[in-house]
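**Q** Got a structure for you, written out below as C-alpha cells; questions coming shortly.
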Amino acid sequence: MTPTDELEPMTQANLAPYDAPNAAGYFGDYGGRFVAETLMHALDELTAVFEELQGDAAFRAEFEQDLSRYVGRPTPLYRAERLARHAGGAAICLKREDLNHTGAHKINNTVGQALLARRMGKTRIIAETGAGQHGVATATVAARMGLECHVYMGAEDIRRQSLNVYRMKLLGAEVIPVNSGSRTLKDAMNEAMRDWVTHVDHTHYIIGSVAGPHPYPLLVREFQSVIGVEARAQCLEQEGRLPDLLVACVGGGSNAMGLFHPFVDDEGVDMVGVEAGGLGLATGEHAAPLNAGNPGVLHGARTYVMDDEDGQIVPTHSISAGLDYPGVGPEHSHWKDIGRARYGSVTDEEALAAFRLLNRTEGIMPALESSHAIAYAVAEAARRPASDLIVVNLSGRGDKDIGTVAEVDGIEL
Amino acid sequence: MTATRLVRCLAALKGAERKALNTFITAGDPTKAATVPAMHALVRGGADIIELGVPFSDPEADGPAIQLSSERALAEGTTLREVLDMVAAFRTSDTATPVLLMGYLNVLLKMGLAEFASAAGRAGADGVIVVNLPPEEAADVKELLAAQGMDLVLLAAPTTTPERARMIASVASGFLYYVSFRGTTGANLLDPKAVGQSVTRLREATELPILVGFGIRDGDSARRVAALADGVVVGTALVTTMGEAPPDEIPARLEAQVRSLRQALDA
C-alpha cells in the first residue's frame with residue numbers, strides 16, 4: 001500500500017464536517033434507542049417535533065428570546081487572571097454559566113424542552129435530578145408555563161442537596177424521593193422512565209443531560225450548544241483567537257457537549273472532559289465510566305457504563321451529586337473512541353481544593369461539579385506556556401454545595 | 001427449519017382450543033436453590049410456558065414487585081451463567097415446557113450476544129424477551145437466536161402504531177407479547193375492553209399468536225383477557241408469592257396459584 005492510498009481517505013474523513021448522529025440516533029457505535037416498546041412512539045413524536053421546530057424560524061426566535069430575557073444570556077467569558085497566575089502557565093477563561101437564571105447551564109435545555117412540550121400539547125412535565133440543578137431548572141420552566149411538574153430525586157441526593165429540594169417545592173414542583181437501588185441519579189432516572197411509560201400520553205420527560213434514548217442526546221446538545229457558540233465568538237472577539245483547550249466536567253456530559261460541540265470542526269482546539277474520580281480511580285469508588293468503564297446499555301442508549309463482570313450496574317461515588325452517575329452521554333463515548341476529546345478525572349479532594357481556590361482567587365463560588373473542571377484546568381495550565389488559552393465551563397454556582405463543604409470542614413451551619 | 005419447542009407448544013394449544021398460560025418468575029429469587037423446584041411447580045399447576053427473569057440492577061420497565069424480586073436475586077449473587085444452569089437443570093426432567101429468558105440487554109451484552117445465544121441454546125432455553133430491545137435494534141440478536149433454534153419474542157404496546165406493529169411482527173417469532181397498558185409490570189391498570197380492541201388491530205399485522213401480559217393477577221382477569229387473545233402472561237402475582245411465602249412452602253403455593261389460573265382459563 002502506498003502512503004497516498006493510506007492518507008487520502010483519512011484526509012477526506014478528517015475534512016468532512018462532523019454530522020453525527022445518524023437518523024437512528026447513533027454517534028458512531030453509541031446512542032440508539034433501547035427502551036420499552038411503550039415509549040417508542042413518544043420518542044418518534046419527539047424526534048419529529050424537534051426536527052420540525054429546528055427549521056422553524058419563529059421557534060428559534062422564541063427560544064433565543066427566552067434565553068436572553070428570561071435566562072440572562074449571553075453569559076460572560078471571564079478571564080481569570082489571578083487563578084491563572086496561581087496555576088502559573090496558560091491563560092484561563094471561565095464561561096460563566098453559573099450566572100444563568102437558577103445558577104447553572106441546565107436551564108438552557110429546560111427552556112428549549114418546555115417549548116417542545118408546549119408544541120406537543122403535553123400538560124405535565126417530569127424530570128430526574130441529581131444535584132437538583134436540573135430539577136430546579138425544570139421546576140422553573142414548568143412554573144413559568146403553568147405545567148404540572150414532578151421531579152424524581154434519589155433519597156441520598158435529597159439529603160445532600162436539601163436547599164435545591166426546597167427551591168423546587170417553592171416553585172410548585174412535587175419532589176418524589178427514590179429509595180430503590182443506590183438512591184442517587186441513576187435510580188431517579190429509572191423511576192422517571194417508569195413514570196413516563198405510565199403517563200406518556202400527556203407527559204413530557206425533560207431529560208437533563210445528553211443521555212438517554214435518541215433524540216435526547218441530540219436535542220439536549222442542540223439546546224446547550226449556545227454555550228459553545230457564545231464562547232467561540234467571545235474568544236475571537238475578546239482574545240482575538242480560538243482557545244487551545246476546552247475543559248468541562250462530565251457526568252452525563254451536557255455542559256461539556258454544549259461547550260465542545262460548536263468547536264468540533266476547529267482542529268486546533270483540544271477538549272478534555274473531566275469525570276468524577278471520587279476517592280481515586282484505583283479504589284473503584286468513583287463515577288468515571290469513560291476512564292474506568294466499558295461499553296454497555298443503560299437508560300436507553302449504548303454508551304460507556306460502569307458495570308460488573310455480570311453486567312450489573314455498580315454503585316458510583318462522587319462528592320458531587322450531579323456527577324454521581326454510572327453512564328455518560330453516548331456522543332462522549334464516540335468522541336473518546338475517535339479521539340476528538342480526551343477524558344480525565346479529578347478526585348473529590350482535588351475538586352474541593354479547586355472549589356476553595358476559585359473562591360479565594362476570583363471571588364467565584366463554583367458548583368462542586370464545575371470544581372472538577374477547574375481543578376483539571378489549573379493543573380493543565382501549569383503544564384502549558386503563557387501563550388496558550390484554556391476555556392473552562394463554569395457550569396454552575398456553588399451555593400447548593402455550601403452544606404457539603406461545611407460538612408467536610410466539620411462545621412454545622 | 002423445524003418448528004421450535006415454543007412454536008410447537010403454541011400450535012398444540014391452538015389445535016386443542018386452549019389458551020396459553022405463560023408464567024414468570026425471577027431466577028435466583030428468593031434463593032438460587034428455589035428456582036428449579038419453582039419451575040416444576042409452575043408446570044404441575046398447569047403453566048404452558050415459563051418465563052425466567054434474568055435479574056438486573058436497573059429494571060426500568062418493572063414495577064415494585066419485580067424490582068424487589070430482582071434485588072433479592074442479586075443479593076443472592078445470581079449471575080446469567082447460573083440462570084442458564086438452572087434452565088439446564090430443569091431440562092433434565094422436563095423436555096416439553098418451553099422456557100423463555102426475560103431480561104435487560106446489558107446483562108446479555110456483557111456475556112457477548114453470540115456466546116449468550118449458544119450457551120442459552122445448549123442449556124435448553126427456547127427463546128428470549130429483552131425488555132429494552134426494540135425491533136430496530138434486534139436484527140443481530142434474532143439471527144444469533146435463530147441459529148440456535150430459539151425465538152425472539154417482541155413486545156407491542158397500546159402506543160404501538162400500525163406501522164410499528166407490522167415491523168415488530170416482521171422481526172418477532174414465537175408469539176407477540178402485548179403489553180396490556182401504559183405502565184410498569186404489576187400496575188392496577190388493566191382494561192379488558194381496550195385490550196380486546198388492540199388485540200383485534202394487532203391481528204391485522206401478524207399471524208403470530210398474541211399473548212397478553214401486565215396486570216393479570218388472578219383467575220378472573222386471566223379468563224377475561226385470555227378470551228380476547230391466545231393466552232396470558234402472569235408475573236407480578238407469582239413473584240409476590242415468591243417474596244412472601246416461607247421458602248419451604250413456595251412450590252406448593254405457586255402450584256396452587258397457577259392451578260387456579262389454569263382452571264379459570266379452561267372453564
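**Q** Could you please find all residues in the stretch B:142-157 being surrounded by fewer than 21 Cβ atoms within 10 Å (Cβ to Cβ) and either among the charged types (D, E, K, R) or within 13 Å of chain A (Cβ to nearest Cβ) (or both)?
**A** Across the stretch B:142-157, the qualifying residues are B:LYS142, B:GLU143.
**Q** Now, a different point. Tell me which residues, restricted to the stretch B:40-53, are over 17 Å from B:ALA120 (Cα atoms) and either of a type outside the set (D, E, K, R) or crowded, with 24+ Cβ neighbours inside 10 Å (or both).
**A** The answer is B:HIS40, B:ALA41, B:LEU42, B:VAL43, B:GLY45, B:GLY46, B:ALA47, B:ASP48.
**Q** Here's something else I'd like to know. Here's a check for you: in the stretch A:22-43, which residue that is surrounded by fewer than 20 Cβ atoms within 10 Å (Cβ to Cβ) and within 8 Å of chain B (Cβ to nearest Cβ) is farthest from A:PRO295 (Cα to Cα)?
**A** A:HIS41
**Q** Could I ask something else about it? Which of the following residues is part of a helix (DSSP H, G or I), touching a helix residue (DSSP H, G or I) at 6+ places or on another chain (Cβ under 6 Å) and farther than 29 Å from B:PRO158 by Cα: A:PHE223, A:PHE260?
**A** Being part of a helix (DSSP H, G or I), touching a helix residue (DSSP H, G or I) at 6+ places or on another chain (Cβ under 6 Å) and farther than 29 Å from B:PRO158 by Cα holds for just one of A:PHE223, A:PHE260, which is A:PHE223.
**Q** Could you pull out the residue among A:VAL141, A:VAL165, A:VAL136, A:VAL151 that is within 21 Å of the chain's Cα centre (by Cα), modelled with pLDDT of 90 or more and either within 24 Å of B:ASP62 (Cβ to Cβ) or of a type in the set (Phe, Trp, Tyr) (or both)?
**A** Values: A:VAL141 fails: either within 24 Å of B:ASP62 (Cβ to Cβ) or of a type in the set (Phe, Trp, Tyr) (or both); A:VAL165 fails: either within 24 Å of B:ASP62 (Cβ to Cβ) or of a type in the set (Phe, Trp, Tyr) (or both); A:VAL136 fails: either within 24 Å of B:ASP62 (Cβ to Cβ) or of a type in the set (Phe, Trp, Tyr) (or both).
Result of the check over A:VAL141, A:VAL165, A:VAL136, A:VAL151: A:VAL151.
**Q** In addition: Counting only residues that are of a type in the set (Val, Ile, Thr) and in contact with a strand residue (DSSP E or B) (Cβ under 9 Å, 6 or more places away or on another chain), which one in the stretch B:4-34 is modelled with the lowest pLDDT?
**A** B:THR4
**Q** Scan the stretch B:9-17 and tell me whether some residue there is crowded, with 18+ Cβ neighbours inside 10 Å and closer than 16 Å to B:VAL128 by Cα.
**A** Residues of the stretch B:9-17 that are crowded, with 18+ Cβ neighbours inside 10 Å, as a first pass: B:9-10, B:13.
From what's left, closer than 16 Å to B:VAL128 by Cα: B:9-10.
Checked the stretch B:9-17: at least one residue is crowded, with 18+ Cβ neighbours inside 10 Å and closer than 16 Å to B:VAL128 by Cα.
**Q** Moving on to the next point. Restricting to the stretch B:78-110, and then to whatever is free of Cβ contacts under 8 Å to residues at least 12 places away in the same chain and within 14 Å of chain A (Cβ to nearest Cβ), can you tell me which residue is nearest to B:GLY174 (Cα to Cα)?
**A** B:LEU109
**Q** Further question on the same structure: Anything in the stretch A:195-206 that is assigned to a loop (DSSP other than H, G, I, E, B) and either in contact with a His (Cβ under 7 Å, 6 or more places away or on another chain) or within 9 Å of chain B (Cβ to nearest Cβ) (or both)? List them, or say none.
**A** A:VAL200, A:ASP201
**Q** Still on this structure, please answer the following. Quick one: would you say B:ALA125 is farther than 18 Å from B:PHE175 by Cα, away from chain A (no Cβ under 12 Å) and either touching a residue at least 24 places away in the same chain (Cβ under 8 Å) or surrounded by fewer than 24 Cβ atoms within 10 Å (Cβ to Cβ) (or both)?
**A** no
**Q** Still on this model: Could you please find all residues in the stretch B:205-225 being in contact (Cβ under 8 Å) with a residue 60 or more places away in the chain, buried (at least 24 other Cβ atoms within 10 Å of the Cβ) and over 13 Å from the mean Cα position of the chain (by Cα)?
**A** B:ALA222
**Q** Step by step: first the residues of the stretch A:296-339, then only those that are among the acidic types (Asp, Glu) and assigned to a loop (DSSP other than H, G, I, E, B), then the one that is farthest from the other protein chains (Cβ to nearest Cβ). Which residue is that?
**A** Step by step, filter the stretch A:296-339, then rank; the result is A:ASP324.
**Q** Can you pull out the residues in the stretch A:183-216 that are in contact with a Lys or Arg (Cβ under 8 Å, 6 or more places away or on another chain) and β-branched (Val, Ile, Thr)?
**A** Residues satisfying the conditions are A:VAL197, A:THR198, A:VAL200, A:THR203, A:VAL210.
**Q** From B:LEU202, B:LEU190, B:LEU211, grab the single residue that is in a strand (DSSP E or B) and either more than 11 Å from chain A (Cβ to nearest Cβ) or touching a strand residue (DSSP E or B) at 6+ places or on another chain (Cβ under 6 Å) (or both).
**A** B:LEU211
**Q** Looking at this structure, is B:ALA222 in contact with a strand residue (DSSP E or B) (Cβ under 8 Å, 6 or more places away or on another chain) and modelled with pLDDT of 95 or more? Step through it out loud before you land on a result.
**A** Values: in contact with a strand residue (DSSP E or B) (Cβ under 8 Å, 6 or more places away or on another chain): yes; modelled with pLDDT of 95 or more: yes.
When the stated conditions are applied, B:ALA222 passes them.
**Q** Here's a follow-up. Restricting attention to the stretch A:201-209, does a residue exist that is in contact with a Phe, Trp or Tyr (Cβ under 6 Å, 6 or more places away or on another chain), buried (at least 24 other Cβ atoms within 10 Å of the Cβ) and within 20 Å of A:GLN312 (Cα to Cα)?
**A** Checked the stretch A:201-209: no residue is in contact with a Phe, Trp or Tyr (Cβ under 6 Å, 6 or more places away or on another chain), buried (at least 24 other Cβ atoms within 10 Å of the Cβ) and within 20 Å of A:GLN312 (Cα to Cα).
**Q** Just the residues that are surrounded by 20 or more Cβ atoms within 10 Å (Cβ to Cβ) and over 21 Å from B:ILE216 (Cα atoms), please, taken from the stretch B:158-168.
**A** B:ARG164, B:ALA165, B:ILE168
**Q** If B:LEU133 passes every condition in (1) within 12 Å of chain A (Cβ to nearest Cβ); (2) within 17 Å of the chain's Cα centre (by Cα); (3) of a type in the set (A, V, I, L, M, F, W, C); (4) not in a loop (DSSP other than H, G, I, E, B) but one, which one does it miss?
**A** Here B:LEU133 clears every test but (4).
**Q** Got a sec? Which helices (runs of 4 or more DSSP H) wholly within the stretch A:111-194 have at least 3 residues that are of a type outside the set (Gly, Ala, Ser) and crowded, with 24+ Cβ neighbours inside 10 Å?
**A** A:133-145
**Q** Identify the residue in the stretch A:272-295 that is assigned to a strand (DSSP E or B) and surrounded by 24 or more Cβ atoms within 10 Å (Cβ to Cβ) and, among all such residues, is nearest to the other protein chains (Cβ to nearest Cβ).
**A** Filtering first and then ranking leaves A:ALA287.
The values are calculated or read from the model by the stated rules, or taken from the named source; none is laboratory data. Just so we're clear, the structure is a prediction, and the values are computed from it rather than from any experiment. Cβ coordinates were reconstructed from backbone atoms using ideal geometry, including for glycine residues, and neighbour counts include every protein chain displayed.
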